[in-house]
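Notes follow once the structure below has been shown.
The values are calculated or read from the model by the stated rules, or taken from the named source; none is laboratory data. No experiment lies behind these values; they were computed from the predicted model shown. Here Cβ is always computed from backbone atoms with ideal geometry, including for glycine, and neighbour counts include all displayed protein chains.
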Amino acid sequence: MDFFLAIVFFAVSSSITPGPNNILVMTSGVNHGVKKTLPLLTGICIGFTVMLLLVGLGFSAIFEAFPSIHLIIKFLGVIYLGYLAFLIATSKGSVESAKEGKQLTFLNGALFQWVNGKAWIVATGAIATYTTADSNFFAQNLMIAMIFFFVSFPCVGVWLAFGSILKNALNSSKSRKAFNITMASLLLLSVVPVVIELSRMIGLA
């Protein structure tokens with residue numbers, strides 16, 4: 001039970017703290033509301049669960065054997081995050097324009113995990129820390145993935161609730177525009193560690 005609780009605590013702390021997933025969900029909640037953001041939220045939670053399972057099944061070993069593949073994914077991830085930040089920053093501030101704007105889908109949320117730097121850190125950290133060689137590795141991996149699956153919905157959902165609350169508070173075009181620019185800036189800041197890592201990897205190549 002202690003081991004189980006340790007994973008739960010890790011899942012809660014890593015899922016509820018600020019990161020690209022939570023920023024996207026909160027921003028979507030502000031601009032599009034809870035109902036239209038639920039597919040994105042679901043895609044993030046299911047996508048990360050699948051990612052955990054695949055990392056545990058050997059994707060991390062593939063990237064260690066072929067680091068260039070990981071380098072390419074990271075590079076594409078930075079570009080994609082920059083694109084998302086651009087969409088958020090340039091979206092119009094009015095409520096009517098926000099409703100008509102591009103809404104991220106279930107598939108966007110699921111695929112986004114593979115270019116999300118924080119998701120990679122959490123996934124590899126969870127598998128490395130909470131699995132042991134002397135037990136059934138697949139069962140351990142499945143348990144970790146299921147814990148994250150059930151924990152991530154309420155944890156990421158908290159950020160959607162924040163977005164819903166802020167949606168009512170940010171009732172002017174000016175305030176909503178300022179919020180979008182702030183969230184876009186935070187999203188870009190979340191990419192800085194990945195950019196630094198990429199610079200080091202390229203420098204060592």
Open item on the list: Which of the helices (runs of 4 or more DSSP H) found entirely inside the stretch 11-89 contain at least 1 residues meeting this: modelled with pLDDT under 90 and surrounded by 21 or more Cβ atoms within 10 Å (Cβ to Cβ)?
Closed with: 20-32
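Would you pick out the residues in the stretch 3-41 that are among the aromatic types (F, W, Y) and touching a helix residue (DSSP H, G or I) at 6+ places or on another chain (Cβ under 9 Å)? Don't jump to the end; show me each part of the working.
Going through the stretch 3-41, the residues among the aromatic types (F, W, Y) turn out to be 3-4, 9-10.
Passing the criteria: F3, F4, F10.
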Task: Among residues of the stretch 155-169, those that are closer than 12 Å to G33 by Cα and in contact with a Cys (Cβ under 7 Å, 6 or more places away or on another chain), counted - done: 0
